[in-house]
Amino acid sequence: MNKNPPASTARKAAVSAVILFLSVFRFSPAASAQSLDQLNNSVPAVEIPLAPVPGNATLYTAAPGLNVYFLSVGQGDSIYLELPNGQNALIDGGPSKSATGALAQFLSQKKVSKIDYVVLTHPHADHYKGLQYVFSAITVGNFYDTRMDNTAATGDEALRSQVKALGVNTFYPAPGDDISWGPGGLGVKVFNSCPEPVQSSDGSIINNCSLTIKVTYQNASMLFVGDDQSDAEARMVARFGAELKSDVLKVGHHGSPYSSSQAFLETVMPKKAFIEVGKNNYGHPAQSSIDRIKAVGASVFRSDLDGTQEFSVDGLSEPVEPSED
Ligand SMILES: [Zn+2]
């Protein structure tokens, strides 16, 4: 239950004023991450009012605000989000459909029995396999997918058949669409996808279909680009330009040298870059990519070296105008 009743308007305004002078960013690295200490120093010691939770939403014991976990799941992507309104989301499931896999263990520890919003960025096994576990073991409210059919695999059809049989609401958003993840002040916008049916076995073509979303909350923003490569990056820069600017970047394609192009990075200008990567034979992450990311001033975190990383935004301050656009 919510033990902290909503603060009075006056008190909330006072808290907001303090917060606005400090950073609203709060980083809680799960493992080693030396440079985050400076940001942790900005966490104010104030009582935190919890956001009201909708009656039908999943309730967690997590801190209020937005909590994003870049999970260490080996070679693959899986990002879990606790939303300000008490709901939750999962972007990709990583490479294991095992009930003893890293994603399953994380969700078990979190006592997650329902996920409100699940995203499959694109139909490669290192992204969809874990979702086969999720749809088998956990109630899912809504599913966001592309219409890219990976003809080199059958697992994507298996997953989609599973979703259809369960009758889960499925959406195929297009670039430019806004997605609603419930009340609570969260913005979700789509920058890349393949909403029309297309078939391919070509890895690059499939990667460049990655359902790409930007999540904004308070004055923080996060861009999740799946396995986008330079083609998709160039498309997004041409169409959306400065709208791509984000504080946090989930680095494209596990740090592949064919992603994270200079022009894209100079448009996004991330402060923090999270690479989801494990043991692999592709040379991920490439030093050339890491160098380009660092060249725009971002700190780089790797799930293989640093473990699961958490990025949180306190839900304390009143909404503010986007800065530095
Ligand atoms: Zn991948």
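Any read-out appearing in this document is the output of simple, stated calculations on the displayed coordinates, not a laboratory observation. Only a predicted model underlies this, so the values are computations on that prediction, with no experimental measurement involved. Glycine gets a Cβ as well: all are built from the backbone with ideal geometry, and neighbour counts include every protein chain shown.
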Next item on the list: Might you report the magnitude of the Cβ-based charge dipole of the range 137-251 about its Cα centre, with Lys and Arg at +1 and Asp and Glu at -1, to the nearest 20 debye?
Entry: 300 debye
Margin query: If neighbour count is taken as other Cβ atoms inside 10 Å, put Ser221, Ser78 in order from fewest to most.
Written below: Ser221, Ser78
Next item on the list: Which order do the peptides 143-154, 193-204, 242-253 take when ranked by the mean count of other beta-carbon atoms within 10 Å per residue, highest first?
Entry: 242-253, 143-154, 193-204
Checklist line | Most to least packed among 160-166, 93-99 [average Cβ atoms within 10 Å] | finding: 93-99, 160-166
Item checked: Net charge of neighbours whose Cβ lies under 11 Å from the Cβ of Tyr128, counting Lys and Arg as +1 and Asp and Glu as -1 -> -3
Notebook entry, point to check: Pulled fully out, how much extra length does the chain show between Glu266 and Asn169, if you take 0.36 nm times their separation in residues and subtract their Cα-Cα distance?
Noted result: 31.3 nm
Next item on the list: Return, for the Cα atoms of the range 155-242, the radius of gyration and Dmax in Å, separated by a comma.
Entry: 14.5, 40
